[in-house]
1. Quick one: order Asp347, Asp145 by neighbouring beta-carbon count within 10 Å, fewest to most.
2. For the chain, take the longest principal axis of its alpha carbons; what is the angle in degrees between that and the long axis of helix 318-336, to the nearest 10 within 0 to 90?
3. What percent antiparallel are the DSSP beta bridges of the chain, to the nearest 5?
4. Would you please classify the overall shape of region 272-355 from the alpha carbon gyration tensor, given that a ≥ b ≥ c denote the square roots of the eigenvalues, rounded means a/c under 1.5, and beyond that prolate means a/b larger than b/c while oblate covers the rest?
5. Which parts of region 100-121 would a label at Thr180 reach, counting a residue when its backbone N lies under 17 Å from a point 7 Å out along Cα-to-Cβ?
6. Go through region 22-32 residue by residue and turn each phi into a ³J(HN,Hα) via Karplus (6.51, -1.76, 1.60, θ = phi - 60°); whole Hz please, and just put x for glycine and proline.
7. At 222 nm, what value in deg cm²/dmol follows for the chain if DSSP H runs of at least 4 each add -39500 (n - 2.57) and the sum is divided by all its residues, to the nearest 500?
8. May I ask you to sort Trp43, Trp114 by Cβ crowding, counting other Cβ atoms within 10 Å and putting the fewest first?
Amino acid sequence: MKEPGPELTREGERYPSRAQDLGYLHGDPPAPGQGRRIADGLWWLRMPLPMELNHINLWLLEDRGACTVVDTGLAAEECRAVWQSLEQEPLARRRLARVFVTHDHPDHMGLASWLAERHDAGIWMSEWAHESSSEFLRMVPAEVDGRLRAFLRVHGLQSAATSDPLRDHRTSFGGIPPLTHAPVDGETFVAGGVTWQVIETAGHCRGHLCLYDAERRILVSGDQVLPSISPNVSVLASAPDSDPLRAFLSSLARLEACDPATLVLPSHGRPFQALHKRIADLRNHHFEQLARVEEHCREPRSAHDVVPVMFGRVLRGFHRVLALGEALAHLHFLASEGRVTRIAGADGVARFVRI
């Protein structure tokens, strides 16, 4: 018989949230190098990140003598040190048999290769995520930088720091992990003594995989649904004509098939309930942004012109690049709805104007 669900509280996060009335998991997050058991066969781990978003949650699924870990942390010495502590407890006397990667961002997969070699663990991630990260790491850095700079110029950002952040970004991936299995949407497997269903989502990242335990109503949401912030939904230089916001909203609708009482285990922030409310918050946030962007496009506007309308703070460094990608995602959605049209300027900059 499964143990009862974890106790919940109304505590909020340390950073502002539109969803303060979510039911958060009671108690403190685990300290780096330690684990917190939150259900039968399920442990919460937390890995530090050397960035503004200063942590990532990992999830350990234990089943007798073997374990599956969901995500890994960056390929950075401080993350390796935390893993070495975790190998003493709660991994003590248990074999790390599988690393399940939710998506191909370095804080989620950076130590996958290292863990595979260290523990002889199999790597599970979507085929798209593996191919995408492999292609990125095989490219010549100057080629990646040139493609990004050309993309930014077309959308109104004439200068931005890209080389140093891109070099750091590549390093934090830690190499291309050997792919053992590529899970697909709807697939099920047993880990931690229960059956988990793979749910593929998109928008934040193509090939993003969530895990759902329908029996206990637990969702490992990765970056798709976070309790206090909206995940970045951006048009990328590698897919300049994509419509990621439409894919993101469609994926949110798919996750509404999960039970309303589902406990959500996000990659950042604290576990919470009220999944459907949080989905509604995220959806409404993007609808409000779309309305602001459409109104601003009464005159032709580039994606760079739209950034201040969407972000109420001064952005610096690579945050400017991420913000431009998100602004373009909203413009592409509006264009696909026939609410704005794209025009090419004589200066080579693409602009959008309301129809």
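Here, each number is a calculation from the coordinates, and none is a lab measurement. Computed from a predicted structure; not experimentally measured. Note that we place each Cβ from the backbone using ideal geometry, even for glycine, and neighbour counts take in every protein chain shown.
1. Asp347, Asp145
2. That helix lies at roughly 70 degrees to the long axis.
3. 75
4. It comes out oblate by the Cα gyration axes.
5. Within reach of a label on Thr180, which here means backbone N under 17 Å from a point 7 Å along Cα→Cβ, region 100-121 contributes 100-103, 109-121.
6. Once θ is set to phi - 60°, the couplings for region 22-32 become 5, x, 8, 4, 5, x, 7, x, x, 5, x Hz.
7. Taken over the chain, the calculation gives -10500 deg cm²/dmol.
8. Ranked by crowding around the Cβ, least crowded first: Trp114, Trp43.
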